[in-house]
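**Student:** Encoded as structure tokens, here's the structure I'll be asking about.
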Amino acid sequence: MKEIILPNAHFSYRDGSLYCEEVSLVELANRYGTPLYVYSKASLLEAFGRFQVALGNYPHIICYAVKANSNIALLQLLARCDCGFDVVSGGELLRVHKAGGDMNKVTFSGVGKTEEEMRLALSLGIRSFNIESKPEMKRLARVAASLRMVAPISIRINPDVDAHTHPYISTGLKQNKFGVDPATAISLYREASQAPWLNPVGIDCHIGSQLTDPAPYYESCDKVLNLLDLLRVDGIELSHIDFGGGIGVRYRDEQTIDLNELVDTLHQKLRARGYENLEMIFEPGRSLIAAAGALLTRIQYIKHTPNKSFLIADASMAEMIRPALYEAWMPILPVEIHEDLPEHVYDIVGPVCESSDWLGKQRALRVKNDDLLVMTMAGAYGMSMASRYNSRLLSAEILVDGFQTHMIRSRDRYENLWENESLLSKIDEPDS
Ligand code: LLP
């Protein structure tokens with residue numbers, strides 16, 4: 001039998017059938033239907049624990065990047081561990097609030113914050129706005145003044161460092177829309193330090209996602225430290241340095257970053273330049289939640305054509321867009337192992353009317369019609385990027401905790417599809 005690689009010990013085959021913790025995936029599929037997102041609580045907490053251990057006694061905050069998976073029950077689990085959060089919209093901020101997150105541990109990133117989002121974040125008392133441009137800083141100063149509140153800010157530096165990742169998820173190059181170049185950053189800090197309603201508290205950098213090599217972190221850290229030296233000359237002292245997220249995971253055979261080594265090396269760099277008291281902030285998304293999640297899907301048809309064989313599954317690019325968007329390779333495994341069936345090579349596709357609607361290509365599997373497949377490593381950027389394209393129903397989500405299961409999101413009902421839409425009245429009169 002070919003070796004099957006599972007994300008971690010919380011997913012295991014027992015007598016040829018896959019379990020999440022102590023719960024059979026076959027039973028979950030029968031009970032809740034497919035497509036279905038399933039998460040292991042232990043896997044999430046373990047990944048968070050690994051980060052905490054790596055950061056040890058260094059002053060730090062882990063701000064989970066909510067965009068990776070924003071289910072409020074998952075946020076609640078992290079909030080209970082005193083995790084902080086990085087948000088990029090009013091919606092994410094209110095999710096964190098709903099989940100009981102500590103607002104004093106929330107950073108707000110993103111290039112397009114609206115006035116309304118700024119007001120909301122100020123009134124909830126977040127830790128810091130990661131500022132990405134001069135006009136954004138000016139707007140925040142205006143909004144803060146109107147509320148008579150001081151806005152804590154951190155400028156996001158664009159260090160022009162190549163993160164060696166997919167171009168769509170690379171953010172630290174000068175041609176990217178994110179952050180500001182070092183020279184502009186200096187002038188923004190000078191301006192902010194004089195502004196009555198702005199308080200520069202930190203410096204920020206996020207160079208991309210799914211990084212598999214620590215070198216770009218070190219390169220951008222050096223550039224940020226050069227900037228801190230210049231600010232120091234100006235008498236501007238900050239209290240935190242935010243390294244962003246981006247730590248890669250192993251979907252297939254990628255090398256991964258050793259967290260302890262990464263954190264220790266970064267701290268050494270801080271120490272060497274006299275910044276060891278700066279609080280280190282990290283904004284991990286994928287590395288906390290990817291391995292905890294699996295997408296269960298049932299084969300609807302096996303279609304043989306003269307060129308290819310397709311497994312047509314009931315999950316699609318609407319549930320998991322990563323293959324369509326980034327040509328990402330995601331692990332796809334049979335839920336039940338049938339050694340007796342012949343092995344075939346298939347493209348695994350969904351029902352959506354797009355040729356880009358594929359989940360995996362050229363996969364050798366022993367399966368039959370109606371079998372269940374599971375995409376592992378699907379906890380990050382799966383459900384959070386799901387859509388209702390083709391009027392598909394958003395999936396249910398289940399959290400597994402040992403022998404227990406919790407439905408943390410119910411499946412859409414058909415009425416949800418049009419609940420915010422309106423039919424025209426009989427005489428088709430416009431609203432105004
Ligand atoms: N902080 C900021 C400012 C970010 O923009 C991101 C991700 C993160 C933190 C978290 O990065 P992570 O630790 O998850 O790599 N949809 C893509 C990933 C987009 C990432 C966008 N920013 C994918 O499926 O690969």
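**Student:** Kindly check whether there is at least one residue in the stretch 313-329 that is over 23 Å from residue 12 (Cβ atoms) and of a type in the set (Lys, Arg).
**Tutor:** yes
**Student:** I would also like to ask the following. Being more than 15 Å from the ligand (Cβ to nearest atom), open to solvent by 20 Å² or more (accessible area, probe 1.4 Å) and in a loop (DSSP other than H, G, I, E, B) is the filter here, so list the residues in the stretch 315-341 that pass it.
**Tutor:** Within the stretch 315-341, 337, 338, 339, 340, 341 qualify.
**Student:** Which residues, taken from the stretch 278-309, are in contact (Cβ under 8 Å) with a residue 24 or more places away in the chain, open to solvent by 20 Å² or more (accessible area, probe 1.4 Å), assigned to a strand (DSSP E or B) and not hydroxyl-bearing (Ser, Thr, Tyr)?
**Tutor:** 279, 298, 300, 302
**Student:** Out of the stretch 78-110, which residues are within 13 Å of the ligand (Cβ to nearest atom), aliphatic (A, V, I, L, M) and open to solvent by less than 10 Å² (accessible area, probe 1.4 Å)?
**Tutor:** Those that are within 13 Å of the ligand (Cβ to nearest atom), aliphatic (A, V, I, L, M) and open to solvent by less than 10 Å² (accessible area, probe 1.4 Å): 87, 106.
**Student:** Select from the stretch 122-142 the residues that are among the small types (Gly, Ala, Ser) and under 24 Å from residue 282 (Cβ atoms) and list them in ascending order.
**Tutor:** If the condition is that a residue be among the small types (Gly, Ala, Ser) and under 24 Å from residue 282 (Cβ atoms), then 125, 128, 133 are the ones that fit.
**Student:** Give the residues of the stretch 135-175 that are within 20 Å of residue 244 (Cα to Cα) and among the basic types (Lys, Arg), sorted by residue number.
**Tutor:** Across the stretch 135-175, the qualifying residues are 156, 174.
**Student:** Tell me which residues, restricted to the stretch 128-151, are of a type outside the set (A, V, I, L, M) and surrounded by fewer than 23 Cβ atoms within 10 Å (Cβ to Cβ).
**Tutor:** Once the filter is applied, which keeps residues that are of a type outside the set (A, V, I, L, M) and surrounded by fewer than 23 Cβ atoms within 10 Å (Cβ to Cβ), the stretch 128-151 yields 132, 133, 134, 135, 136, 138, 139, 142, 146, 148.
**Student:** Follow-up. Can you name the number of the only condition in (1) open to solvent by less than 60 Å² (accessible area, probe 1.4 Å); (2) without any contact (Cβ under 8 Å) to a residue 40 or more places away in the chain; (3) not hydroxyl-bearing (Ser, Thr, Tyr) that residue 205 fails?
**Tutor:** Going through (1) open to solvent by less than 60 Å² (accessible area, probe 1.4 Å); (2) without any contact (Cβ under 8 Å) to a residue 40 or more places away in the chain; (3) not hydroxyl-bearing (Ser, Thr, Tyr) one by one, residue 205 breaks only (2).
**Student:** Being open to solvent by 10 Å² or more (accessible area, probe 1.4 Å), under 26 Å from residue 248 (Cα atoms), part of a strand (DSSP E or B) and in contact with a strand residue (DSSP E or B) (Cβ under 7 Å, 6 or more places away or on another chain) is the filter here, so list the residues in the stretch 1-43 that pass it.
**Tutor:** Selection gives 12, 19.
**Student:** State which residue is least open to solvent (accessible area, probe 1.4 Å) when the search covers only the stretch 208-228 and only residues that are out of contact with any Gly (no Cβ under 6 Å at 6 or more places or on another chain) and outside any helix (DSSP H, G or I).
**Tutor:** Only one residue fits best here, namely 214.
**Student:** Right, here's the next one. Being over 27 Å from residue 177 (Cα atoms), touching a helix residue (DSSP H, G or I) at 6+ places or on another chain (Cβ under 9 Å), polar (S, T, N, Q) and without any contact (Cβ under 8 Å) to a residue 60 or more places away in the chain is the filter here, so list the residues in the stretch 64-115 that pass it.
**Tutor:** The one that is over 27 Å from residue 177 (Cα atoms), touching a helix residue (DSSP H, G or I) at 6+ places or on another chain (Cβ under 9 Å), polar (S, T, N, Q) and without any contact (Cβ under 8 Å) to a residue 60 or more places away in the chain: 76.
**Student:** Could you please find all residues in the stretch 218-261 being more than 22 Å from residue 154 (Cα to Cα) and of a type in the set (A, V, I, L, M, F, W, C)?
**Tutor:** Those that are more than 22 Å from residue 154 (Cα to Cα) and of a type in the set (A, V, I, L, M, F, W, C): 249, 257, 259.
**Student:** Could you go through the stretch 346-360 and let me know if any residue there is hydrophobic (A, V, I, L, M, F, W, C), open to solvent by less than 10 Å² (accessible area, probe 1.4 Å) and farther than 20 Å from residue 390 by Cα.
**Tutor:** Within the stretch 346-360, not a single residue is hydrophobic (A, V, I, L, M, F, W, C), open to solvent by less than 10 Å² (accessible area, probe 1.4 Å) and farther than 20 Å from residue 390 by Cα.
**Student:** May I pose another question? Exactly one of these conditions fails for residue 367: (1) in a strand (DSSP E or B); (2) in contact with a His (Cβ under 8 Å, 6 or more places away or on another chain); (3) of a type in the set (Val, Ile, Thr). Give me its number.
**Tutor:** (1)
**Student:** Within the stretch 361-388, how many residues turn out to be under 21 Å from the mean Cα position of the chain (by Cα), more than 16 Å from the ligand (Cβ to nearest atom) and surrounded by 14 or more Cβ atoms within 10 Å (Cβ to Cβ)?
**Tutor:** Qualifying residue count, the stretch 361-388: 1.
**Student:** When the residues of the stretch 251-263 are narrowed to those that are in contact (Cβ under 8 Å) with a residue 60 or more places away in the chain and open to solvent by 10 Å² or more (accessible area, probe 1.4 Å), which ends up farthest from residue 110 (Cα to Cα)?
**Tutor:** That would be 252.
**Student:** For the condition of a type outside the set (Gly, Ala, Ser), under 15 Å from residue 130 (Cβ atoms) and part of a helix (DSSP H, G or I), what is the one hit in 231, 188?
**Tutor:** 188
**Student:** Can you tell me how many residues in the stretch 61-75 are under 14 Å from residue 381 (Cα atoms) and assigned to a strand (DSSP E or B)?
**Tutor:** Count: 2.
**Student:** Please work out if residue 312 is open to solvent by less than 50 Å² (accessible area, probe 1.4 Å), more than 15 Å from the ligand (Cβ to nearest atom) and of a type in the set (A, V, I, L, M, F, W, C).
**Tutor:** Spelling it out, residue 312 is indeed open to solvent by less than 50 Å² (accessible area, probe 1.4 Å), more than 15 Å from the ligand (Cβ to nearest atom) and of a type in the set (A, V, I, L, M, F, W, C).
The values are calculated or read from the model by the stated rules, or taken from the named source; none is laboratory data. What you see is a predicted model, and the numbers here were worked out from it, not measured in a lab. Positions of Cβ are backbone-derived with ideal geometry, glycine not excepted, and every protein chain shown enters the neighbour counts. Only protein heavy atoms, including side chains, enter the accessible area calculation; ligands, DNA and RNA are left aside. Shrake-Rupley method; radii C 1.70, N 1.55, O 1.52, S 1.80 Å.
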